[in-house]
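What follows is a single structure, written as structure tokens, with notes after it.
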Amino acid sequence: MSSLIALLPAFLAVLLAVPATSHAGGATWLSLSASSAAFAAMATNCLLATRPRLLEPLFHGLDRIYRVHRMLGITIVVLVLVHDLVAPNFQGVTLSSGLNRLARTLGEYAFYALLLLAALSLVKRLPFTRWELPYGLWRQSHRLFGAVFLLAALHQAFIKRPFDSAALLAVYLNLLAAIGLVSFALTQFRPLLRGHRYRVSDIRREPGATLVTARPERGGLRARPGQFAFIRFARAGLGEPHPFTIAGAAAAGGELRFAIKPLGDFTRRLRDTLEVGDAMIAEGGYGRFDPAQGGARQIWIAGGIGITPFLAALDGALATPGRQVHLFHCVRQPEEAIERARLEAVARARPGFAFTLHPSAQAGRLDAAGIIRACAFEPAGAELWFCGPSALREALVKDLARQGQAPARVVFERFDFR
């Protein structure tokens, strides 16, 4: 449904192209419909890149917005290729001025730049190699899409067309150009507009993760349990914003805690170089992963660092009388578990909460039989809240269904934004 909503501006461009271009022939309509729809999709992607909080409920979370953003990127490339391959018939309309010819040249630059940037965005790792595009290069290449959109806007505004500037299609495309350019400008100034300044107050380097606590210098961000934030630090090598789940928040606008596993260059540098007193900029909270809004029986499954949203959501979820929750934390070795003592203490004190630590090095991979055997209630019909590797989630859901213990619904978020 969210994909269809995101495609509505492109569909409207195609509809408006009928009265504007059909008199010039089918090939002209197809070519200019494709280019108009591609331009509408580019403007939509510029808007989605602003991380609009008002649209999160419509798309069911920022993670879904990013997936739609990627789908639109692929759609744009296909439509632009159609526009380039299908030659329109302009029926005597020629490039009569220098501005017209410049618009054509800008369109060609935009076309080749779009193909190059799309390749950098869509190909995370070179085929048959281990070389992966560095996150910093990927992010900087993404910022160039604004320049490509500007070239496309100038191209569509000043190229000769078989319709005049008063046509509804022309007015619509000009409106989209304004929306897209304003949206791109907002993404460039987002740290100033939405960023909240914090100061790192505590760092604990545990085997499973680096635990970072930060206090706001003024007003902090507002976040619900289970949400995530984009954070960066005023330290060399840590200046790019990365998304991390908030493992705990003292109160709205108060202290924040993050549990960050050293998996990549950024997280390893953070573990090695971050110091108490460093400045942190946080933007959020984002996401709709909130077990407190779920049903009466919930199975929580965390894969490694995927325990973080459950740590934040625990108190709120257990505040509902009669709710039953069983948390499975899958780690390779027991010492990798984060806040194990706290979770075991809550399990002893609260009858509605059970906790199982599952070390895969000794017990093997968690499967449906292990869940059924350990779970404090029947899994069938319960909700499955999952944060971890997608392969584990898919295997467990299929295995539970084969065992006749299919959950009523499965809730998860996707954190691969690239």
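The values are calculated or read from the model by the stated rules, or taken from the named source; none is laboratory data. The model shown is predicted, which means the values in this text are computed figures rather than measured ones. Every residue, glycine as well, gets a Cβ built from its backbone with ideal geometry; the counts of neighbours run over all protein chains shown.
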Scan region 371-392 for residues that are surrounded by 15 or more Cβ atoms within 10 Å (Cβ to Cβ) and either among the charged types (D, E, K, R) or free of Cβ contacts under 8 Å to residues at least 24 places away in the same chain (or both) and jot them down. Glu383
Considering only region 7-51, how many residues are closer than 29 Å to Arg139 by Cβ and modelled with pLDDT under 85? 0
Go through (1) within 25 Å of the chain's Cα centre (by Cα); (2) surrounded by fewer than 22 Cβ atoms within 10 Å (Cβ to Cβ) and name the single condition Phe310 misses. (2)
Here is a check on your reading of the model: is Ala249 surrounded by 17 or more Cβ atoms within 10 Å (Cβ to Cβ), closer than 29 Å to Phe59 by Cα and not assigned by TED's automatic domain parsing to the domain that holds Thr356? yes
Members of region 278-314 that are assigned to a loop (DSSP other than H, G, I, E, B) and closer than 16 Å to Leu211 by Cβ: Asp278
Those residues that are without any contact (Cβ under 8 Å) to a residue 40 or more places away in the chain and in contact with a Leu (Cβ under 9 Å, 6 or more places away or on another chain), I need them from region 315-336; list them, please. Val325, Leu327, His329, Pro334
Could you tell me which of the residues Gln298, Gln324 is closer than 16 Å to Phe386 by Cβ and at pLDDT 90 or above? Gln298
For region 316-345, which positions are within 19 Å of Ala376 (Cβ to Cβ) and part of a helix (DSSP H, G or I)? Ala317, Leu318, Arg340, Arg342, Leu343, Glu344, Ala345
Quickly run through region 218-237 and pick out the residues that are within 20 Å of Leu193 (Cα to Cα), in a loop (DSSP other than H, G, I, E, B) and at pLDDT 90 or above. Ala234
Residue count for region 43-93, restricted to those that are under 13 Å from Leu114 (Cα atoms) and over 17 Å from the mean Cα position of the chain (by Cα): 8
Wholly within region 346-418, which helices (runs of 4 or more DSSP H) include no fewer than the required count, namely at least 3 residues that are assigned by TED's automatic domain parsing to the domain that holds Gly304 and modelled with pLDDT of 90 or more? 368-374, 390-402
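Rundown of residues vs (1) among the aliphatic types (A, V, I, L, M); (2) closer than 20 Å to Glu206 by Cβ; (3) touching a residue at least 12 places away in the same chain (Cβ under 8 Å); (4) surrounded by fewer than 18 Cβ atoms within 10 Å (Cβ to Cβ), yes/no style:
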{"position": "Ile231", "(1), (2), (3), (4)": "yes, yes, yes, no"}
{"position": "Phe244", "(1), (2), (3), (4)": "no, yes, yes, no"}
{"position": "Gly264", "(1), (2), (3), (4)": "no, yes, yes, yes"}
{"position": "Arg271", "(1), (2), (3), (4)": "no, yes, yes, yes"}
Does region 13-31 hold any residues that are within 14 Å of Leu173 (Cβ to Cβ) and either among the acidic types (Asp, Glu) or surrounded by 21 or more Cβ atoms within 10 Å (Cβ to Cβ) (or both), and which are they? Ala13, Leu16, Ala17, Ala20, Thr21
Just to check your reading of the model, which residue among Leu221, Leu211 is closer than 19 Å to Glu339 by Cβ and either surrounded by 15 or more Cβ atoms within 10 Å (Cβ to Cβ) or free of Cβ contacts under 8 Å to residues at least 12 places away in the same chain (or both)? Leu211
